[in-house]
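The values are calculated or read from the model by the stated rules, or taken from the named source; none is laboratory data. All values derive from a computational prediction rather than experimental measurement. Cβ coordinates were reconstructed from backbone atoms using ideal geometry, including for glycine residues, and neighbour counts include every protein chain displayed. Areas reflect the complete protein model, heavy atoms only, side chains present, ligands, DNA and RNA absent. Shrake-Rupley method; radii C 1.70, N 1.55, O 1.52, S 1.80 Å.
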Amino acid sequence: AQKITQTQPGMFVQEKEAVTLDCTYDTSDQSYGLFWYKQPSSGEMIFLIYQGSYDEQNATEGRYSLNFQKARKSANLVISASQLGDSAMYFCAMSLTGTASKLTFGTGTRLQVTL
Amino acid sequence: NAGVMQNPRHLVRRRGQEARLRCSPMKGHSHVYWYRQLPEEGLKFMVYLQKENIIDESGMPKERFSAEFPKEGPSILRIQQVVRGDSAAYFCASSPRLAGADTGELFFGEGSRLTVL
């Protein structure tokens, strides 16, 4: 069975600074996908970024980038130039290829952006 | 292009009543997934459906919970005889094809928050 670990329950970052949210995963499968979602206080789940296990380059989406280190089984999210609106819960998740988008989520990291 | 639509956004039920949660997937999406989020936890997979078929219900509690995705209309998650432990946010997600996870094409609705008194 796969497992996602997010060891940072809460993080603070100053506006305009970069922040890294940690995520490690555990699976014996070779083919999988890694996701990050943002959940603001309003509660919706917002898709941020996706990395396939066979993708050779780290995924990037605007201010979000995924630092994928396959040998270490880590998939950290980097947010550059933090904004106040980035304050939210952030969830790392994974899905095994062929399991029809059945995601396993971590427990989340609460990010607070300060002035 | 509307996203995944869930209703109601908030639902209050007394113990023993039934709860029905609805999900309309994004246009063009025929794969629907339900997840549950207990307070202060991550989401947990419940069930995966395609039109008129339950494909994977390995995350569904064995009793009182059922899901359907009829040929016409939204997907329904039904909880009979609710108990306080059912209080949670229930999220629906949809993808255009089976390989949604392989391409990142999995999108969530805003969730339905069930409170059982």
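Computed values, structure above
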read-out	value
Residue within the range A:50-63 that is more than 14 Å from chain B (Cβ to nearest Cβ), modelled with pLDDT of 95 or more and not in a loop (DSSP other than H, G, I, E, B) present	no
Unique residue being surrounded by 14 or more Cβ atoms within 10 Å (Cβ to Cβ) and at pLDDT 95 or above when the list is A:Phe47, A:Phe12, A:Phe68	A:Phe68
Those residues of the range B:20-74 which are at pLDDT 95 or above and among the polar types (S, T, N, Q), in sequence order	B:Ser24, B:Ser66
Cβ-Cβ under 8 Å pairs, at least 6 apart or on other chains, the range B:18-41 side away from chain A (no Cβ under 12 Å), far side charged (D, E, K, R) and open to solvent by less than 50 Å² (accessible area, probe 1.4 Å)	B:Ala19/B:Asp86
Among the candidates B:Phe65, B:Phe69, residue that is within 14 Å of chain A (Cβ to nearest Cβ), crowded, with 16+ Cβ neighbours inside 10 Å and out of contact with any Phe, Trp or Tyr (no Cβ under 8 Å at 6 or more places or on another chain)	B:Phe69
Residue that is loosely packed, with under 14 Cβ neighbours inside 10 Å and of a type in the set (Gly, Ala, Ser), where the choices are B:Gly42, B:Gly28, B:Gly59	B:Gly28
Subset of the range A:15-44 [closer than 24 Å to B:Pro39 by Cβ, outside any strand (DSSP E or B) and modelled with pLDDT under 95]	A:Pro40, A:Ser41, A:Ser42, A:Gly43, A:Glu44
Single condition B:Ile79 does not satisfy, out of (1) of a type outside the set (Ser, Thr, Tyr); (2) within 11 Å of another protein chain (Cβ to nearest Cβ); (3) closer than 20 Å to B:Leu114 by Cα	(2)
Which numbered condition A:Lys102 fails, given (1) assigned to a loop (DSSP other than H, G, I, E, B); (2) in contact with a strand residue (DSSP E or B) (Cβ under 7 Å, 6 or more places away or on another chain); (3) open to solvent by 40 Å² or more (accessible area, probe 1.4 Å); (4) more than 29 Å from B:Ser58 (Cα to Cα)	(4)
